[in-house]
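Working notes, structure below.
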Amino acid sequence: MSGLFAEKSVIVTGAGSGVGRATASRLAEEGARVVCADIAPAEAKETVRRIEAAGGVATAVEVDVSKEDQVEAMVSAAVQQYGRLDVLVNNVGVPTPRLGALLEDHTVEDFDRLVSVNLGGVFFGCKHAVLRYKEQGDGGVIVNTASVAGLVAWGGSVYGATKGAVLQLTRALAIEAAPYGIRVNAICPAAMPLTGFMAAGGLDAETSARPEVAAKMAAQHPLGRSVTAEDCAEAILYLASDRAANVTGVALPVDGGYVAR
Ligand SMILES: NC(=O)c1ccc[n+]([C@@H]2O[C@H](COP(=O)([O-])OP(=O)(O)OC[C@H]3O[C@@H](n4cnc5c(N)ncnc54)[C@H](O)[C@@H]3O)[C@@H](O)[C@H]2O)c1
């Protein structure tokens, strides 16, 4: 298949929903062979089904990104299936467990889950991708999904701390890995009411879609609408592509101007 990612071997984590599904689908449209990795295998398989129905190439892998052995196996699966790895999109993130939870409302279990999934998952992904890229010896690309919560106070203190850490890991690894031709960047989305994320944090899709709720969320963004998974996918595709060949260590807001205000 021709396209911006023709014949590239790509992993997208959290590919069973929202940003991950939209990114996997766009990458496949651009010719990538995509490993759709998710803790929810039926959802990952549904993404694969949609990609194949559109003429693309994809395979589903079940992974819990907070477990190093499973992340290592995910990278091996991509190499086994498609011969190498070119791009890893570390996209999984879980929200603040209860809508509006203050710092002192977080239990140690809440804290451990946010840190192990949001930061641990990105750490394990970066580690095993970098090991693979160094073995291949011809560069490689990582894109991490952070959040505006890593740049300003938004979405909960502990959640924001994990996303700030993802951004610092992105910058530091970008410098460490630059001599090997490995690029590492991040996107920072603002509120996306229509992915599974808000529901997981306690705001269900039906409520988010109510005109008054949707309008209130849209009004937070200077460009006047909420961010979509497809907006994020386009930003990830740019950073993952050769068009961004001289771009590394950046945190790209996809936020309708939210943090510039
Ligand atoms: N939706 C928003 O408002 C928003 C805003 C800013 C940043 N983000 C970030 O965007 C990214 C994607 O969010 P989304 O809105 O598409 O969310 P989503 O809930 O729609 O999708 C997340 C996917 O990750 C999977 N997942 C969860 N835990 C996992 C684990 N331990 N291992 C493997 N897979 C796991 C889920 O099954 C799901 O398919 C996340 O990193 C999130 O923090 C979201």
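The values are calculated or read from the model by the stated rules, or taken from the named source; none is laboratory data. Quantities reported herein were computed from a predicted structural model and do not represent experimental measurements. Backbone-built Cβ (ideal geometry, glycine too); neighbour counts: all protein chains shown. Note: areas computed on protein heavy atoms with side chains; ligands, DNA, RNA excluded. Shrake-Rupley method; radii C 1.70, N 1.55, O 1.52, S 1.80 Å.
Structural remarks
- Computed lengthening from R84 to A215, 0.36 nm per intervening residue step minus Cα-Cα distance: 42.7 nm
- Backbone HN-Hα couplings from phi across the stretch 221-238 [Karplus 6.51/-1.76/1.60, Hz, Gly and Pro as x]: 9, x, 6, x, 9, 6, 6, 10, 4, 5, 4, 5, 4, 5, 5, 5, 4, 4
- P(r) weight above 20 Å for the stretch 85-215, C-alpha pairs, percent: 48 percent
- Estimated purely from DSSP H runs of n ≥ 4, each contributing -39500 (n - 2.57), the mean residue ellipticity at 222 nm for the chain is -13500 deg cm²/dmol once divided by its residues.
- Positive minus negative residues near D255 (Lys, Arg vs Asp, Glu; Cβ under 15 Å): 0
- Distant-in-sequence amide contacts of V57, defined by a placed amide H-H separation under 5 Å and a gap of 5 or more residues or a different chain, comprise V34.
- Highest-MSF residue in the chain out of E43, E72, E109 [GNM, Cα springs under 10 Å]: E109
- Accessible area (Å², 1.4 Å probe, nearest 10) - I39: 110 Å²
- GNM remark for the chain: springs join alpha carbons under 10 Å apart, and the peak mean-square fluctuation among G100, G164, G150 falls on G100.
- Along the stretch 175-188 the Karplus relation, 6.51 cos²θ - 1.76 cosθ + 1.60 evaluated at θ = phi - 60°, assigns HN-Hα couplings of 6, 4, 8, 4, x, 9, x, 9, 9, 9, 9, 9, 10, 10 Hz to successive residues, with x for each Gly and Pro.
- Between the alpha-carbon centres of the stretch 198-238 and the stretch 7-36 there is a gap of 21 Å.
- The alpha carbons of the chain give a radius of gyration and a Dmax of 17.2, 52 Å, in that order.
- Diffusion coefficient of the stretch 1-40 by Stokes-Einstein, Kirkwood radius over Cα pairs, 4 °C, 1.567 mPa s: 133 µm²/s.
- Only protein heavy atoms count here; under a 1.4 Å probe, M192 has an accessible surface of about 30 Å².
- For the stretch 159-194 versus the stretch 111-130, the spacing of their alpha-carbon centroids is 12 Å.
- The share of alpha-carbon pairs in the stretch 157-261 lying farther apart than 24 Å comes to 33%.
- Atom-type composition of the exposed protein surface of the chain places 56 percent of the accessible area on carbon and sulfur (1.4 angstrom probe).
- With the simple spin-label model, which puts each label point 7 Å out from Cα in the Cβ direction, the D105 to R261 separation comes to 2.2 nm.
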